[in-house]
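Visitor: Let me begin by handing over the structure; questions about it come next.
Derivation of every value follows stated rules applied to the coordinates shown; laboratory data play no part. Here the structure is a predicted model, which means the values were calculated and not measured. Note that we place each Cβ from the backbone using ideal geometry, even for glycine, and neighbour counts take in every protein chain shown.
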Amino acid sequence: MSRIAVGAVLAALAVGLNPATTSAADATDSRIDQARYFFASAAAEHDARKPLDVALSSLEKRKGTVASDPAALLATLREYDAVRSLGARHTLYLHLLCALDRNDAASCEGEDKLDAEITSRTSFIEGEILKAPQAMIADFIARTPALSAYRYQIASIERRRAHRLDESQESLLAQVTPSITGWQFPLYERTVHDIPFGTVKTAAGELDVIKQRALIMADPDRSAREQRFRKLWAGYRSERDTLAFALLQTAKAGNTLAGLRQFQNAPDAHYFDLELDPAHARGLIETVAAKGSLSQRFERIRIADAQRLHGIADPETWDIDLPPPQAPHYSASQARDVLHAALGTLGAHYRDGFDALLDPRNGRFDVMPGASQPRGRAGGGFSLGYPGTTAVLFVGAFNGTYKELSVIAHEGGHAAHRNLMNEHGVRPAYAAGPSYLFESFAEFNELLLADYLAEHARDPALKRYYLQQFLVIKGLDFLYGAEDAALEQAIYDGVREGSLHDADGLDTLTLKSDRRFSLWPERYPELKTRWASLSLAYEDPLYYVNYLYASLLALDYYHHWKKSPRAFARNYVALLENGFDAEPAALLRRFLDIDLTDDTGLVDSAVDVVEKRLAELEAR
């Protein structure tokens, strides 16, 4: 896009206007070209599984010989790479079909079943590597240069030695795990799907409480925003017993499986899987929780803004998200233009890759207006990609609000990262690392977006709005991540100790945890049931701790980027291209000179960025 075009967009946004009326050609409605990147249909996917089965059968013939000599080990690991690339194309496609229609049981269940089959049929590889003496494997690597590419993969297997079962038990566990842990989230999702949250009447028409949340919360009609709040929490409370059952059973199953692997509980097992010391992770959660007054301070700023900017005498929780009247609603092309400009600070290569992702001509982006969403379509967003599979982006709905623009920056960041690794030839074993590191890159995109718009907004009210969004969306995520991680950890500990049994107990635990971070739980009894809205606690248990670490890192990236934008961007993109071929701490030290083990430094850096932003808002 030309500098003139960017300037026109930003000039219009600065005074709070939408630069252009959305035309039919610019409609926020795009589809992933399934045939081009995956398969033409679910039937075609199923019919195309023969090469995967052949590859798995060939790999299984190596049982008993995996570590017999260097050539055998190298050949096994290379075949394993091929199997994972082949399998990913199938499982990712099933994930996409399930998101497009959550009622498609065959696809939704098929992903887990196929993944479990691949895991079960390849579990012997780790077992045989662990049976071999470490000195012998080290000698293999020393004598066979090609094996050095697998050094970290082998070291990661060795790290899990004390927590691995024997081969037959591992294979059996891989087969039965979907039955143990795979039913809770579908129960949660079905239950929430069937809750009649309803709609709210606004000047724009009847808006869905769930799917069009961002539009309702930006509506100037205060009663509409309150209705949305009341209906949302009344809906969750109407099914609190079923939702509590699913969550408590999730925790029970997680603790049981962790015990089989010689962990005290599921949180400790999860922290270990993230390459974190469990005691260290628990300590960091509490260290950050002690900073909870920062988010309360921000709430007071937003309360004062609601009084000053909107004339609300006694602002409620549903009033503080109300944007200024000048806040724009973005069309599809405007969203692309703004993201092009904001992410251009990371260099032309990154920017061009992100542009290509969103270009409707490439068929890599699936999005539609929230008002026209089919009932079974998933909300939220995610990216799909793996070595050998072009990265694509799915966003449940886009109605043009800033929040939804930020979702594209975040989830698109994951997709852009995946494609950078593909271009760089990253192997399957190194295409996925600890989620907090993966999330930190996407969160940094959101910080850059808010920072860019604040810097270029000439209207004072809009500038203040974007300064706030920096904190609302991700700047305070280390606190919100600690809040959710502390609550989820307490749930698992309570189940293990036998002190947590039902929805009432979850309510009590939530209030006790959340009052450290927010002013609102004491004021609104409904918020005791916030645990029921934590969908990731069901879908991807114990994931929330990732946002704590990710936010600390993203704020540190921001700190370094502010000091030296070009130098930082060059090293940062090199890190994204590299993949995860070493411990996270080593990667961050090598590329960005960041010490992941320095809790004090990371927390102080995050607090410094946040306090400066809070002080700036308080002084305006």
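Visitor: What does the extension gain come out to for residue 245 and residue 571, with contour length at 0.36 nm per residue minus their alpha carbon separation?
Guide: Full extension from residue 245 to residue 571 adds 112.7 nm.
Visitor: Another question about this same structure. For the pair residue 619 and residue 504, what calculated FRET efficiency results from E = 1/(1 + (r/R0)^6), where r is the Cβ-Cβ distance and R0 = 45 Å, to the nearest 0.05?
Guide: 0.50
Visitor: Sticking with this one: Contact order normalised by length for the stretch 37-182, with contacts defined as Cα pairs under 8 Å and 6 or more residues apart; what percent is it?
Guide: Numbers: 116 pairs, mean separation 38.5, N = 146.
The normalised contact order for the stretch 37-182 reaches 26 percent.
Visitor: Tell me, what HN-Hα J-couplings in whole Hz come from the Karplus equation 6.51 cos²θ - 1.76 cosθ + 1.60 at θ = phi - 60° for each residue of the stretch 141-158, using x for Gly and Pro?
Guide: My calculation for the stretch 141-158 gives 5, 5, 8, 10, x, 4, 6, 5, 5, 9, 4, 5, 4, 5, 5, 5, 5, 4 Hz in order.
Visitor: Still on this structure, please answer the following. Stokes-Einstein at 37 °C, 0.692 mPa s, Kirkwood radius from Cα pairs: D for the stretch 71-147 in µm² s⁻¹? All intermediate terms of the calculation are to be shown ahead of the outcome.
Guide: Values: Rh = 14.6 Å.
The estimated diffusion coefficient comes to 225 µm²/s.
Visitor: Could you check the simple spin-label distance between residue 524 and residue 155, using points 7 Å along Cα→Cβ, in nm with one decimal?
Guide: 4.7 nm
Visitor: Where in the stretch 463-490 does the label zone of residue 533 land, with the point 7 angstrom along Cα→C-beta and an amide N cut-off under 14 Å?
Guide: Residues 484 fall inside that zone.
Visitor: In addition: For Rg and Dmax of the Cα atoms in Å, several values are listed as [x] 24.4, 77; [y] 26.7, 109; [z] 27.8, 98; flag the one computed from this structure.
Guide: Only one option fits the structure, namely [x].
Visitor: Nearest 0.05, what FRET efficiency do residue 180 and residue 43 give at R0 = 22 Å with Cβ-Cβ as r?
Guide: 0.15
Visitor: Here is a follow-up. Estimate the FRET efficiency between residue 309 and residue 101 by the formula 1/(1 + (r/R0)^6), using the beta-carbon distance for r and 60 Å for R0, to the nearest 0.05.
Guide: 0.90
Visitor: Tell me which of 114, 37, 498 sits at the most positive position along the dipole axis of the chain, charges placed on C-beta atoms (Lys, Arg +1; Asp, Glu -1).
Guide: Ranked along the dipole, the leading option is 37.
Visitor: With θ set to phi - 60°, apply the Karplus curve 6.51 cos²θ - 1.76 cosθ + 1.60 along the stretch 565-580 and write out the HN-Hα couplings as whole Hz, x wherever there is a Gly or Pro.
Guide: Whole-Hz 3J(HN,Hα) from phi for the stretch 565-580: x, 5, 5, 5, 4, 4, 5, 5, 5, 4, 5, 4, 5, 5, x, 10.
Visitor: Please give the per residue volume of the convex hull enclosing the alpha carbon atoms of the stretch 37-182, rounded to a whole number of Å³.
Guide: Enclosed volume per residue, from the Cα hull, is 120 Å³.
Visitor: Taking N as the number of residues in the stretch 156-221, what is its Cα Rg relative to 2.2 N^0.38 Å?
Guide: On the way: Rg = 22.5 Å, N = 66, 2.2 N^0.38 = 10.8 Å.
So the stretch 156-221 has a normalised radius of gyration of 2.09.
Visitor: Before anything else, pin down the relative contact order of the chain: Cα pairs under 8 Å, at least 6 apart, normalised by residue count, whole percent.
Guide: 18 percent
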